[in-house]
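Q: Provided herewith is a single structure, encoded as structure tokens, for subsequent inquiry.
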Amino acid sequence: MDFAKKIPAEFRTLVVIPAMLTNAETVEDLVEALEVRYLANRNDNLHFGLLTDFTDAAQETLPGDQSLADLAARRIEELNKKYGREKKDLFFLFHRPRHWNPQENTWMGYERKRGKISELNSLLRGGSKERFSLLIGDQSIFPFIKYVITLDADTQLPLGSAWKLIGTMAHPLNHPWYDEKKKRVTKGYGILQPRVTCSLPDEGSSLYTRMHGNEPSIDPYTRASSDVYQDLFGEGSFIGKGIYEVDIFKKVLEDRFPENAILSHDLLEGCYLRSGLLNDVQLFEKYPTSYRTDMKRFSRWIRGDWQIFFQFFTFCS
């Protein structure tokens with residue numbers, strides 16, 4: 001399954017970056033990073049997009065919202081023009097408005113990142129267009145997108161990584177098999193999770209990043225070259241950066257989870273869709289810049305794991 005020269009049309013793929021539009025500098029950084037990912041993975045039938053929300057707020061709109069959205073739209077259009085895509089079919093912007101969340105008592109993007117991915121999948125299959133306030137790019141290709149590669153805003157997609165992910169996903173032995181009785185994937189893989197490694201600290205890195213970004217200790221999150229679950233049971237753990245098949249993702253997970261109850265959705269999605277570890281494809285991301293940021297990340301992971309535990313306990317009860 002060598003797709004190095006050309007990705008077949010039947011395996012058309014969208015690389016998407018879920019992110020928040022916080023200020024103009026953030027928008028510029030997101031667009032620049034998106035262009036870098038494209039330059040490292042220039043393949044036919046491979047598209048790149050930003051999947052964005054505004055930050056939480058006490059009201060539906062803030063004074064600077066429209067200018068940020070307009071800036072993001074303008075930069076995406078400039079990228080399409082720069083690379084000669086008159087049909088605007090290379091770079092995309094998917095932007096969602098805030099919705100009122102009575103449980104959180106705030107205006108926010110529906111279900112945060114999980115909601116982004118869910119509504120993007122629905123959009124690609126002809127629904128949920130009303131859930132997006134701004135769409136830039138040729139929407140006629142949406143029905144033909146088979147796979148989505150989702151990355152965090154700080155995750156790098158090294159040279160030639162995309163076609164390797166797609167080629168592995170397209171292999172006949174990896175095709176997902178849906179069990180109608182169990183309502184989940186029981187053979188093959190609906191998601192493939194590549195290795196994720198901390199990138200080397202750059203010149204502008206903080207002291208905290210330089211101290212911890214290349215630590216030699218055992219860290220299964222950023223140093224996964226093997227996985228106990230993959231080795232013993234043929235399944236890995238999905239940590240939010242990987243490739244999935246749109247149709248099976250939508251079929252298995254649509255309306256599966258209750259609202260405002262799931263924080264750490266990646267592990268659950270990996271269980272239902274059957275995630276596999278792809279350890280010979282490696283992605284890179286930066287280590288947190290400060291102790292506070294690092295601890296907030298650990299706090300999210302711990303809270304998410306407890307939520308999963310209580311959901312399982314409630315289900316069993």
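The values are calculated or read from the model by the stated rules, or taken from the named source; none is laboratory data. Being a predicted model, the structure only gives us computed values, none of them experimental. Don't worry about glycine lacking a Cβ; one is built from the backbone with ideal geometry, like all the others, and counts go over all protein chains shown.
Q: What is the number of the single condition among (1) under 20 Å from the mean Cα position of the chain (by Cα); (2) touching a residue at least 60 places away in the same chain (Cβ under 8 Å) that Glu35 does not meet?
A: Checking Glu35 against (1) under 20 Å from the mean Cα position of the chain (by Cα); (2) touching a residue at least 60 places away in the same chain (Cβ under 8 Å), the one that fails is (2).
Q: Among the residues of the range 3-24, is any part of a strand (DSSP E or B), of a type in the set (A, V, I, L, M) and either surrounded by fewer than 19 Cβ atoms within 10 Å (Cβ to Cβ) or in the same structural domain as Lys241 (by TED's automatic domain parsing) (or both)?
A: yes
Q: Additional query: Is it fair to say Gly109 is crowded, with 17+ Cβ neighbours inside 10 Å, farther than 16 Å from Gly276 by Cβ and assigned by TED's automatic domain parsing to the domain that holds Phe48?
A: yes
Q: Sticking with this structure for a sec: Report, ordered by the first and then the second residue, all pairs with beta carbons closer than 8 Å, sequence separation of six or more or different chains, a first member in the range 264-280 that is under 13 Å from Leu253 (Cβ atoms) and basic (Lys, Arg), and a second member that is modelled with pLDDT under 90 and outside any helix (DSSP H, G or I).
A: Arg274/Glu235
Q: Within the range 186-195, identify whether any single residue is at positive phi and not assigned by TED's automatic domain parsing to the domain that holds Leu34, and answer yes or no.
A: yes
Q: Give me a count of the residues in the range 104-132 that are under 18 Å from Ser264 (Cα atoms) and outside any strand (DSSP E or B).
A: Of the residues in the range 104-132, 12 are under 18 Å from Ser264 (Cα atoms) and outside any strand (DSSP E or B).
Q: How many residues are part of a helix (DSSP H, G or I), basic (Lys, Arg) and touching a residue at least 24 places away in the same chain (Cβ under 8 Å) if we restrict to the range 63-103?
A: 1
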